[in-house]
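One structure below.
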Amino acid sequence: MSEYALQSIRAELIEWSQPLIVDQINHFYFRRLTHAVTVARDLSIQHYRVWRHVLRDEMQLAADLRANLTEIAERAGVTGAMLDEVDRAVLDELMDVVVSRFRRTPNIARSYGLTLLDTATNMARARHFVA
């Protein structure tokens, strides 16, 4: 698949995945932080921003936001393992959509799958990225 096609797949993924990502992130924080709705909202917003920049391959911004997210999360009693749990839930949701929606078009499903694999790698890199 050409570089242009891969960029197109990434752009499409960014477009249709936003509500799914927001939903998974909100579900996690609002379920875990029922006693602190404002903190849950702030963490949700910050976590989505990390995802947005990772999907756009803007790693310095993603890393800066992830560091800030980690700091805010620790103050709220949310551990790094819990942040990873949110990321896994998002990736699982996105992969489920790709598998079910594109099962009859294996080349497109594979392209999305590779993009999600790249996204997972970048998400891990965002935790340790140094410019």
Open item on the list: Return the residues of segment 9-42 that are charged (D, E, K, R) and under 13 Å from residue 90 (Cα atoms); say none if nothing qualifies.
Closed with: 23
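For (1) closer than 14 Å to residue 28 by Cα; (2) at pLDDT below 95; (3) in contact with a Lys or Arg (Cβ under 7 Å, 6 or more places away or on another chain), each residue gets a yes or a no:
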residue: 56; (1), (2), (3): no, yes, no
residue: 59; (1), (2), (3): no, yes, yes
residue: 63; (1), (2), (3): no, yes, no
residue: 72; (1), (2), (3): no, yes, no
residue: 75; (1), (2), (3): no, yes, no
residue: 84; (1), (2), (3): yes, yes, no
residue: 89; (1), (2), (3): yes, no, no
residue: 93; (1), (2), (3): yes, no, no
residue: 102; (1), (2), (3): no, yes, no
Open item on the list: Tell me whether segment 37-47 contains one or more residues that are out of contact with any Ser or Thr (no Cβ under 9 Å at 6 or more places or on another chain), among the polar types (S, T, N, Q) and free of Cβ contacts under 8 Å to residues at least 12 places away in the same chain.
Closed with: yes
- [ ] Can you confirm whether segment 112-120 contains a residue that is free of Cβ contacts under 8 Å to residues at least 40 places away in the same chain, buried (at least 16 other Cβ atoms within 10 Å of the Cβ) and among the aromatic types (Phe, Trp, Tyr)?
- [x] no
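The values are calculated or read from the model by the stated rules, or taken from the named source; none is laboratory data. Please read all numbers here as calculations on a predicted model, not as lab measurements. For neighbour counting, all protein chains shown are included, and Cβ atoms are generated from backbone atoms with ideal geometry for every residue, glycine included.
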